[in-house]
Amino acid sequence: MTIKEIFDSMSYGPAPESNAEAMAWLEQHGRRFGHWIDGRFTAPEAVFETRNPATGAVLAEVSQGSSETVDQAVAAAARAFPKWSRTPGHERAKVLYALARLVQKHARLLAVLETMDNGKPIRESRDIDLPLVARHFYYHAGLAQLMAAEQPGMQPLGVCGQVIPWNFPLLMLAWKIAPALAAGNTVVLKPAEYTPLTALLFAELSREAGLPKGVLNIVTGDGETGAALVAHPGVAKVAFTGSTEVGKRIRQATAGQGKALTLELGGKSPYIVFDDADLDSAVEGLVDAIWFNQGQVCCAGSRLLVQEGIAERFHAKLKRRMDGLRIGDPLDKAIDIGAIVDPIQLRTISAMVDASEGEVYRAATPLPQGCFYPPTLITGLSPAAPLMQEEIFGPVLVSMTFRTPAEAVELANNTRFGLAASVWSENINLALDIAPKLRAGVVWVNGTNMFDAAAGFGGVRESGYGREGGWEGLAAYLKPAAKPRPLKAIPAIPAPRDPQVSGLDRTAKLYIGGKQARPDGGQSRAIWSPKGRLLGHIGLSNRKDLRNAVEAAHAAKSWSRSTAHSRAQILYYIAENLSARATEFAARLQEMTGKPGTSEVEASINRLFTYAAWADKYEGAAKPVPMRGLALALHEPVGVIGILCPDEAPLLGLISLMAPAIAMGNRVVLAASEPFPLAASDFYQVLETSDLPGGVVNILTGAHADLAKPMAGHADIDAVWSFGPTSPALIEHESAGNLKRVWAPGTAVDWAAEPDARSYLAQSTSVKTIWMPYGE
Ligand code: NAI
C-alpha cells in the first residue's frame, strides 16, 4: 500500500509487538515443560502441544499431569502449609507485594506470552489483563497485612485445589492464588490445557518473589488432571472457574468430602439499553461487552435487550461500529479482535450460529484465514431460542427488543444464569430502579465489564457461588479457628411397652403459606415422652408437601423487598409472643426431651433479638475502585432456603437458623427436628400471631430421610442448610442440579453459645456488586 493510498483509506498499518523475548523464554526451556512442584520444574512427562491459535504454530510442549503428579503437588503443598499458614501477615504481604512488582517488571513478556498462547489482542493483554493482575497482588498484599487484625478467630483452610479456564489465563490465576496465599493457604493450580504458559512463567517468577517452595504448585493437563485435583483427599478447598457443566460435575465429585467450594461459572448476561440512554456510549460499551476477548468472557454482555422505539437506530449504529472492528494478528497493536482460543471452540461457535433460526449479521470487516470468527449480531430470536439461553462464548451477540422497564426485567431474568448485567439509561431513577431487580451478582450502570480487586465478582443461580475480590473474596479462603466436634444422631423415643395415653388427642399440622395444613399422604406419627406418655401426633410430610411449601415461599417474595426495619419489628414481635408463652414452651421441651427447657426458651428469645438487631445493621460497602465510579457491595437475600433443623436443641436450633435467614429477607422451608418436632409445631402458633406474612416461614414435620433429597434437588430452592443427621454427601450431590448453595457442616453446634452472627448472615445473603458512575 502506498502512502497516498493509506491517507485515502485512513486504514491502519500493522504495528506488531515483538515476540522475541517470549520466544527466548520458551527456547530457554527447550520448549518443553514439566510441572512446577515444590519450587522447581519437574522433568516433562506425557507431553502435549500448546499452540498459538492465530497462526497454528506449536509454541511448546507441556506435561499432562497424572494422578501421581497431583499427589506429588498436593503433598508439596501440604508440607509447605504449616509454616506458610503461621507466617506473620506482614511477611506474606511482602511476598504478595513482590509478586505485584515482578508482574509489573515483566509485564511486556507476560502480555506477549499471554497473547501468543490465547489469541487475545495484545492491546487487551497489555492494557487490561496485566494491570489487573498486578492490582490483584497489590490489593491482596494489603489483605494479608490486615488480616490478623480484621479477621480475628479465622484461619486458613489448608491446600487449595484451583482449576482455571483459558479466557484470562493469568488474570484467573491471580484471582485464585492471591486471596489463597494472602489468607495463608497453599495452592495447587491447574491452568487450562489451551493456555498453560503464563502460569508456568509466573511460577518461575514466584521464586524471585521469595515465595517458599511448595506454597504454589502448578500442574498442567486437561480435564482429567483437573478432576484428579478436585477429588484429591488432601485438598481442603476447591475453587473453579469454567463452564457450568463442569461446575456441576465438580459439585457432585466433591460431595461429602468436607471441602469448601467456590464456583465461578457461565453466564448469558443481559445488556439493557433504554430509549433515553446515551446511544453512542451504549454502542461503545457493547463493543467492550461482547467483543472484548472475542466474546470469550464469562460475564460478556451477550444478550442485548434494547427498547423498541430505538432498536432500529441502535442496531444501525451497532452494525456500523461492527464493520469498523479490525480482526487479525493479535500481536498487532492496532487489532481489536484476535483469534478464537482453539479450532474446537471455533467449530462450536460456528455450529451454534449455523443452527440458529435468527437473522444473522456478520461484520463486513475482512476475516483472516485461521482461527478467527467475525463479530456477529443475531436478531429475530424468541426468548426461549437456544442462542438466547445458552452461552456461546464467542463474538456473537443476540438481540431482542422490549417495551417497558418491567418487560426488560422479565426478559433479563429469563435465564438459568445470574452472573452480570448492564443497564444503560441517562435517567438515574430508572437505572437504580432496575439494578436491584436484576438477578445477577454484578450490575454495571452505564458501563460494562469493569473489574477490580476490591470489588467482589461472582454469580447467583447457575452462574455459581462465592465471590472473588474484596474482603468477601478472602472469606472464601478462611474458616473459624474453633475445632469442630462430631455430630451425634439422636434417635426418636420409641413407643413404650406400656403407653400412657390420656386426655384429648392432639395432632399437629404442617404450616404452609401461613395456614395449618394436613399432610398430603395422610400419615402421622406418635411422639412419646421419655417417660412413655403420648404427647401428640405429627404429620409426616412428603414431596408434595415440600412442593407446596416451596410454592408458598415463592409467593411470599414481597418479604425480600420489605424494609429491614419492618423485618426487625416482626422478629421482635415473634420474640415478644414467644416470651408470653415461655413457660408452656419450656414445659413442652422438657416433656419431649426429658431435659429442662427454660434456658432453651430464654436463649431462643435472645437469639430472635440478636437477628432483629442485625436486620438493619448487616451493612454493605462502597468499594473505592480506581476509576470514576463506585462499586457498591450490597447484601441481597439468597431467596428460598430449605433448612433441615438440628435435634440437639429442637427450638433454639430452629430459631437460630430461621431468624438470620428471614432477617435478611429470605423465605424458608423448615424441616423440624425429627425426634422432637412438637416445639416447631407449637411455634407456628407464635408465628401466626406475629404479623409474619404467610409463606415466609413454612414448617414441615416428618422424616428427614423423606425430605432431604427432594429438598436438596428442588429446582426452586436457592440454598439448603443441613444441621440434622442427614449426610452432607447426599445434600451436596443433589444440590448440583440447580447449583444451589449448600451449608451442611456435618459437625455439632453448641446452640446455647453466643453465635458468630456474621457467619449466619453471610450464609443468608449474597453480595451484589453494583458499579455506578460517581465523582469526577
Ligand atoms: P471447561 O469448563 O471444560 O474448562 C475449564 C477448566 O476446567 C479447564 O482447566 C479444564 O481442564 C478443567 N476441567 C474440565 N473438566 C474438568 C473436571 N471434570 N474436573 C475438574 N476440572 C475440569 O471449559 P472448556 O471446555 O474449555 O470450554 C467449554 C465451554 O465452557 C465454553 O464454550 C464456554 O461456554 C464455557 N466456559 C466458561 C468459562 C467461564 O469463565 N464462565 C470459561 C471457560 C469456558
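All of the numbers you see were taken from the coordinates with simple rules; none came from a lab. Bear in mind the structure is a predicted one, so any value in this text is a computation, not a measurement. All Cβ positions, even for glycine, are placed from backbone atoms using ideal geometry, and neighbour counts span all protein chains on display.
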(message) So for each of 448-454, 103-109 I average, over its residues, the number of other beta carbons within 10 Å; can you give me the resulting order with the highest mean first?
(response) 448-454, 103-109
(request) Give the cross-link partners of Lys557 among the lysines, using a straight C-alpha distance below 20 Å as the criterion and excluding same-chain residues fewer than 8 apart. (result) Lys437, Lys515, Lys740, Lys768
(request) With only Lys, Arg, Asp and Glu charged, each at its Cβ (+1 for the first two, -1 for the last two), find how big the charge dipole of the chain is about the Cα centre; round to the nearest 20 debye. (result) 1680
(message) Please state the shape class of segment 62-165: rounded when a/c is under 1.5, otherwise prolate if a/b exceeds b/c and oblate if not, all from the C-alpha gyration tensor.
(response) oblate
(request) Mind giving me the nanometre distance, one decimal, between the label points for Arg320 and Asp616, set 7 Å out from Cα along Cα→Cβ? (result) 5.2
(request) Quickly work out the Gln389-to-Ser350 label distance, labels modelled 7 Å from Cα along the C-beta direction, and quote it in nm with one decimal. (result) 2.7
(message) How high is the relative contact order of the chain? Use alpha-carbon pairs under 8 Å, at least six apart in sequence, and give a whole percent.
(response) 12
(request) May I ask you to list the trypsin sites (Lys or Arg not before Pro) in segment 441-490 that are in a DSSP loop and have at most 13 other Cβ atoms within 10 Å of their Cβ? (result) Lys488
(request) Arrange the following residues from fewest to most other Cβ atoms within 10 Å of their Cβ: Tyr139, Tyr774, Tyr465. (result) Tyr774, Tyr139, Tyr465
(request) Please say if the chain is rounded, prolate or oblate, where rounded means a/c under 1.5 for a ≥ b ≥ c the square roots of the C-alpha gyration tensor eigenvalues, and otherwise the choice is prolate for a/b larger than b/c and oblate otherwise? (result) prolate
(request) Would you mind ranking Glu49, Glu264 by Cβ crowding within 10 Å, fewest neighbours first? (result) Glu49, Glu264
(request) Can you tell me the relative contact order of segment 345-481? Whole percent, Cα pairs under 8 Å, sequence separation 6 or more. (result) 15
(message) Please list, in order along segment 520-533, the HN-Hα scalar couplings obtained from phi with the Karplus expression 6.51 cos²θ - 1.76 cosθ + 1.60 (θ = phi - 60°), rounded to whole Hz, x for Gly and Pro.
(response) 4, x, x, 10, 9, 9, 7, 10, 10, 7, x, 8, x, 9
(request) Please give every one of the lysines within straight-line cross-link reach of Lys488, meaning a C-alpha to C-alpha distance under 19 Å, and leave out same-chain neighbours fewer than 8 residues apart. (result) Lys595
(message) Need one number: nm distance between label points at Gln523 and Ala24, each 7 Å from Cα along Cα→Cβ, rounded to one decimal.
(response) 7.6
(request) Have a look at the DSSP beta bridges in the chain and tell me what percent are antiparallel, nearest 5. (result) 40
(request) Please work out whether segment 351-421 counts as rounded, prolate or oblate from its C-alpha gyration tensor, where a ≥ b ≥ c are the square roots of the eigenvalues and a/c under 1.5 means rounded, while otherwise a/b larger than b/c means prolate and anything else oblate? (result) prolate
(request) Show me 605-618, 142-155 ranked by packing, highest mean number of other Cβ atoms within 10 Å first. (result) 605-618, 142-155
(request) Take the Cα of Arg497, step 7 Å along the line toward its Cβ, and report every residue of segment 520-550 whose backbone nitrogen sits under 20 Å from that point. (result) 528-534
(message) Quick check: the distance between the Cα centres of segment 696-755 and segment 1-76, to the nearest angstrom?
(response) 46
(message) At a 10 Å Cβ-Cβ cut-off, how would you order Ser66, Ser558, Ser502, Ser764, fewest neighbours first?
(response) Ser502, Ser558, Ser66, Ser764
(request) Per residue of segment 417-433, in order, report the coupling 6.51 cos²θ - 1.76 cosθ + 1.60 (Karplus, θ = phi - 60°) as ³J(HN,Hα) in whole Hz, putting x for Gly and Pro. (result) 8, x, 8, 8, 7, 10, 10, 10, 6, 7, 9, 4, 5, 5, 4, 7, 7
(message) Using a Förster radius of 30 Å, what is the FRET efficiency between Glu584 and Ala715 based on their Cβ-Cβ separation? Nearest 0.05, please.
(response) 0.15
(message) Below 17 Å, Cα to Cα, which aspartates and glutamates can Lys531 reach? Residues fewer than 8 away in the same chain don't count.
(response) Asp498, Glu591
(request) Could you point to the residue in Met400, Pro44, His704 farthest towards the positive end of the chain's charge dipole, with +1 and -1 charges on the Cβ of Lys/Arg and Asp/Glu respectively? (result) His704
(request) Multiply the residue gap between Ser67 and Glu150 by 0.36 nm, knock off their C-alpha separation, and tell me the result in nm, one decimal place. (result) 26.1 nm
(request) Using the Cα centre as the reference, give the magnitude of the dipole from point charges on the C-beta atoms of segment 401-523 (Lys, Arg: +1; Asp, Glu: -1; all else neutral), rounded to the nearest 20 debye. (result) 780
(request) Report relative contact order for segment 144-294 in percent, whole number only (criteria: Cα-Cα under 8 Å, sequence separation at least 6). (result) 23
(message) Taking the Cα of Arg485, stepping 7 Å toward and past its beta carbon, and measuring to each backbone N in segment 652-666: which are under 17 Å?
(response) 652-654
